[in-house]
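Trainee: Mind having a look at this structure? Questions to follow.
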Amino acid sequence: MMHEKSLLVCAAVPWREFRSMYDIGALSDRRRVSPVRWAKSQMSRLLGRDMMGHWYRIEEITALAQKHSFSVKFHQSTSHPYRFHALLSPETPL
């Protein structure tokens, strides 16, 4: 239900390449690196309790966009460096 000038915004998507830095605390507000925090994050993930959900790679979003004939642009979040925003628009009029 999009026209040729539509824009689909996927905001604050967890960025897979930064997950380990996030897990250890290097990207938190306090920038406190903690092996204990990392271990807790790994254990939560193994138990299926990852509060952040799925972490995406830009390549995954690009492939999905191309599959559905969308062009895509990416921007890193300025407030949360471990997240990105994807802006998708139809490549051709629908």
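FYI, it's all coordinate maths here, none of it is from the lab. None of the values given here were measured: they were computed from a predicted structure. For neighbour counting, all protein chains shown are included, and Cβ atoms are generated from backbone atoms with ideal geometry for every residue, glycine included.
Trainee: Helix 35-46 versus the longest principal axis of the chain: what angle, 0 to 90°, nearest 10, using Cα atoms?
Mentor: 60
Trainee: With everything on Cα atoms, drop me the angle between helix 58-67 and the longest principal axis of the chain, reported from 0 to 90° to the nearest 10.
Mentor: Taking the Cα atoms of the chain, the angle to 58-67 is about 20 degrees.
Trainee: Still on this structure: Give, as a single signed number, the net charge of other residues whose beta carbon lies under 9 Å from the beta carbon of G25, with Lys and Arg counted +1 and Asp and Glu -1.
Mentor: Surrounding charge for G25 is +3.
Trainee: Count the net charge of all other residues whose Cβ sits under 11 Å from the Cβ of S41, scoring Lys and Arg as +1 and Asp and Glu as -1.
Mentor: That sum, taken over residues with Cβ under 11 Å, equals +3.
Trainee: Still on this structure, please answer the following. Between (i) 102; (ii) 179; (iii) 112, which entry matches volume of the Cα convex hull per residue in Å³ as derived from the coordinates of this structure?
Mentor: Of the listed options (i) 102; (ii) 179; (iii) 112, (i) comes from this structure.
Trainee: Continuing with the same structure: Count the DSSP beta bridges whose two residues both fall in the chain, then state the antiparallel fraction as a percent rounded to the nearest 5.
Mentor: Antiparallel bridges: around 90 percent, rounded to the nearest 5.
Trainee: If you add up the charges near P90, with Lys and Arg at +1 and Asp and Glu at -1, over every other residue whose beta carbon is less than 11 angstrom from its beta carbon, what do you get?
Mentor: That sum, taken over residues with Cβ under 11 Å, equals -1.
Trainee: Among M2, M21, rank each residue by its count of other Cβ atoms within 10 Å, from fewest to most, as a rough exposure measure.
Mentor: M2, M21
Trainee: Moving to a separate point now. I want to check the label-to-label distance for E60 and S28. Put each point 7 Å from Cα in the C-beta direction and report it in nm to one decimal.
Mentor: 2.4
Trainee: Test of understanding: what is the full-extension gain from M52 to L87, defined as 0.36 nm times their sequence separation minus their Cα-Cα distance?
Mentor: This chain segment gains 10.5 nm when fully extended.
Trainee: Dipole of the chain, Cα-centred, from +1 at each Lys and Arg C-beta and -1 at each Asp and Glu C-beta, to the nearest 20 debye?
Mentor: 480
Trainee: I've got another one for you. Rounded to the nearest 500, what is the 222 nm mean residue ellipticity of the chain from helices alone, with -39500 (n - 2.57) per DSSP H run of 4+ residues and division by all residues?
Mentor: After summing the helix terms and dividing by residue count, I get -8500 deg cm²/dmol.
Trainee: Test of understanding: ordering V36, V72 by Cβ neighbours within 10 Å, fewest first, what list do you get?
Mentor: Fewest-to-most ranking of V36, V72: V36, V72.
Trainee: Give the residue list of GluC sites (Glu not before Pro) in the range 1-93 that are DSSP loop and have at most 14 other beta-carbon atoms within 10 angstrom.
Mentor: Counting only loop positions with at most 14 other Cβ atoms within 10 Å, the GluC sites (Glu not before Pro) in the range 1-93 are E4, E91.
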